[in-house]
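Participant: So that we are looking at the same thing, I have put the structure below in structure tokens.
Please treat every number below as a calculation from the coordinates, not as lab data. For clarity, every value in this text was computed on a predicted model and none was experimentally measured. In this analysis, Cβ positions are derived from the backbone assuming ideal geometry, glycine residues included, and neighbour counts consider all displayed protein chains.
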Amino acid sequence: MVRKLLLVFLWFPVAVIFLGINLTILAASLNADPKVPPLSVVPTYSDDFQITTSRGTAQVLGATVTAADARALLLESFLRQHDSPMTPYADRIVAKADENGIDFRLVVAIAMCESNLGKRMPTRNSHNAWGISVYSGEQDGANFRDWTFAIDWVSKYIKEKYYDRGLVSLKDIGAVWAPPSVENGNSWMNCVESFQSSIL
């Protein structure tokens, strides 16, 4: 009870002090030199924006901002950091993820867990970074003609085989993608989840 009373009695003087400060600042700004124009934002002909001021200088400060999808840059950075042969396809991975309604990081995270981002595939030039049709103990699996086809196929496969059937959590996907991992404490799910987090 004492705290509440103390709070009420302190609030009023503090509020008055802040009101006085604000009124002082307002009065000072109203008495400012009217010959000096304020800082303004002026659109240029190219729809970029410049910030200009004329207080003592004729200098123009400007910046150009180009809208882009940062997801492809995040993937490209991650793929390049790990020296992946899929690095040039970051834009395509994002486009196919959007087209199929899947998480843009999923294809890359699975590839990291299955083949170290395409560096340890079942057979050379198989473009099978996801372990498609590679069953436990086997050294062979599906072969794709190139990375573009492989990315398109895997993105659509994830949508149709998992997302369309309501399997959207990594735990559910992992139980089908890598069944032995369930007995190992969901190691596949933990791996994919870890790399998805590290992409952001």
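Participant: Going by how many other beta carbons lie within 10 Å of each one, how would you line up TYR162, TYR89, TYR157, fewest first?
Facilitator: TYR157, TYR162, TYR89
Participant: Which lysines have a Cα less than 16 Å from the Cα of LYS171, not counting those fewer than 8 places away in the same chain?
Facilitator: The qualifying lysines are LYS159, LYS161.
Participant: Something else: Relative to the present Cα-Cα distance, how much length would full extension add between ASP69 and ALA175 at 0.36 nm per residue of separation?
Facilitator: Answer, rounded to one decimal: 35.0 nm.
Participant: Shifting gears a bit: I need PHE12, PHE78 ordered by Cβ neighbour count within 10 Å, fewest first.
Facilitator: PHE12, PHE78
Participant: Neighbour counts of other C-beta atoms within 10 Å: give me ARG71, ARG165 arranged from fewest to most.
Facilitator: Ranked by crowding around the Cβ, least crowded first: ARG165, ARG71.
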